[in-house]
Amino acid sequence: MKIAIVTDAWLPQISGVVTTYQQTVRCLTQLGHQVSTINPLQFPTVPCPTYPEISLSLLRPGKIEKALEKIGPDAVHIATEGPLGWSARSVCLQRRFPFSSAYHTRFPEYLRLRFPVPLRLSYCLMRKFHNASNRILVASESLKCELEQKGFTNLHIWSRGVDVDLFRPQSNNVKSDNPIFTYVGRIAPEKNLEAFFELALPGEKWVIGDGPQLLALKSRYPSVRFFGFLHGKSLATRLAASSVFVFPSRTDTFGIVQLEAMSCGVPVAAFPVEGPLALVENDVNGYLDEDLKKAALRCLTIDRAGCRQTARRFSWAYSTQQFLNNLVVTGEPFPAPQKYLAHAA
């Protein structure tokens, strides 16, 4: 089957969304499907205001339309609500070609952290975007219920995975009297990192990642060790050397980094909010509490074997099969211009 994935989030950006689609494309290809991505690397871009690490594509009229015509997909999936996503949505609706979309990011909350935009208006826009799709994919049952209450329709579960061979427990020199508390991810306002940095914890605090708040937070918290972006084995090694993974975000819809930490045998300390609630079981693979310090210290007593067992339940192969099962396939490829115009007439 020919599958087109339209995403505004792609390399060199590093995020859970990018990881998800890289792994999904890899697994779909291994299954014999022809997968094409329409992503920002194929267009001129400008940095996103207040978030220059994210590239916004500059589109000429008809560009996405021509790209989809060239691919001739049997199924279209729209990953993001950026310029590429909105353009692909418009083309699919005009051509009466069904498509799926995914709700990955709480853009209303992220936007409100930067500008005084009411959540009511932002969610209205998100509903307009996603409710036009035939299926909206979400990462957990709790998020599905939440969005249903906000008026989203046709919601279906699409879980995530982790590479348990890459992210695995390793021999390290972590001592109980000098624990290492680690965060991995974007360094941005929506990640609520000050809630972690302000904690009076024993040992060290490590941060792996980059983002618009990096310089400011490095200056304000000189005792925190910042490692920048790490990938592959380097990331896995640092994670495995950690005592506790601290995830202070209150806005993530899932948080793949939690699975990566658990796969390394590292328990997760977080607030009891969406994302952590989908993965963390108190005293088994982490601890959730409104008192983040209490959660972090409690994690020091948790058996690391339970974390690894949780991660083993999540594979990219299973995640990809969920994605594949939720694609909208009509049996007809994306209509060529002549066929579309004849049908419209």
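The values are calculated or read from the model by the stated rules, or taken from the named source; none is laboratory data. All figures in this text were calculated on a predicted structure; none of them were measured in a lab. Note: ideal-geometry Cβ built from the backbone for every residue, glycine included; neighbour counts use all protein chains shown. Side chains are part of the model used for accessible areas, which takes the heavy atoms of the whole protein and leaves out ligands, DNA and RNA. Shrake-Rupley method; radii C 1.70, N 1.55, O 1.52, S 1.80 Å.
Summary table
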{"quantity": "Out-of-range pairs (alpha-carbon distance over 26 Å; input Lys2/Lys144; Lys2/Lys63; Lys205/Lys233; Lys233/Lys294; Lys191/Lys293)", "calculated": "Lys2/Lys144; Lys233/Lys294"}
{"quantity": "Sulfur and carbon atoms: percent of accessible area, the range 250-330 [1.4 Å]", "calculated": "48"}
{"quantity": "Relative packing of peptides 13-19, 255-261 - highest average C-beta neighbours within 10 Å first", "calculated": "255-261, 13-19"}
{"quantity": "Fluctuation leader among Tyr123, Tyr110, Tyr51 - the chain, Gaussian network, Cα springs under 10 angstrom", "calculated": "Tyr51"}
{"quantity": "D_trans [Stokes-Einstein, Kirkwood Rh over alpha-carbon pairs] for the range 221-316, 10 °C, 1.306 mPa s, µm² s⁻¹", "calculated": "119"}
{"quantity": "Residues of the chain: accessible area per residue with a 1.4 Å probe, Å²", "calculated": "45"}
{"quantity": "From phi via Karplus (6.51, -1.76, 1.60), per-residue ³J(HN,Hα) for the range 26-39 in Hz, x at Gly/Pro", "calculated": "4, 5, 5, 5, 5, 7, x, 7, 8, 10, 10, 9, 10, 9"}
{"quantity": "Percent of beta bridges antiparallel (DSSP, the chain, rounded to nearest 5)", "calculated": "15"}
{"quantity": "Principal semi-axes in Å for the chain [√(5λ), Cα gyration tensor, largest first]", "calculated": "37, 21, 18"}
{"quantity": "Those aspartates and glutamates that a straight Cα-Cα span of less than 18 Å connects to Lys70, excepting residues fewer than 8 apart in one chain", "calculated": "Glu332"}
{"quantity": "Debye intensity ratio I(q)/I(0), log10, the range 140-270, q values 0.22 Å⁻¹ (C-alpha model)", "calculated": "-1.32"}
{"quantity": "Candidates Thr20, Thr301, Thr80, ranked by Gaussian network fluctuation over the chain, Cα under 10 Å, top entry", "calculated": "Thr301"}
{"quantity": "Within the range 1-90, percent of DSSP bridges classed antiparallel, to nearest 5", "calculated": "30"}
{"quantity": "Kirkwood hydrodynamic radius over Cα pairs of the range 185-235, then Stokes diffusion coefficient at 20 °C and 1.002 mPa s, in µm²/s", "calculated": "187"}
{"quantity": "For the chain, built as a Gaussian network whose Cα springs stay under 10 Å, the top-fluctuating residue of Thr45, Thr251, Thr37", "calculated": "Thr45"}
{"quantity": "Scattering profile of the range 119-187 at q = 0.25, 0.28 Å⁻¹ [log10 I(q)/I(0), Debye over alpha-carbon scatterers]", "calculated": "-1.14, -1.22"}
{"quantity": "Accessible surface of the range 138-230 [probe 1.4 Å, protein heavy atoms]: carbon and sulfur percent", "calculated": "47"}
{"quantity": "Tyr287 long-range amide H proximity, modeled H, under 5 Å", "calculated": "Val268, Ala269, Ala270"}
{"quantity": "Computed P(r) (all Cα pairs; the range 1-106; 5 Å bins; percent)", "calculated": "2, 12, 24, 26, 20, 12, 4, 0, 0"}
{"quantity": "C-alpha center-to-center spacing [the range 225-284, the range 135-200] in angstrom", "calculated": "6"}
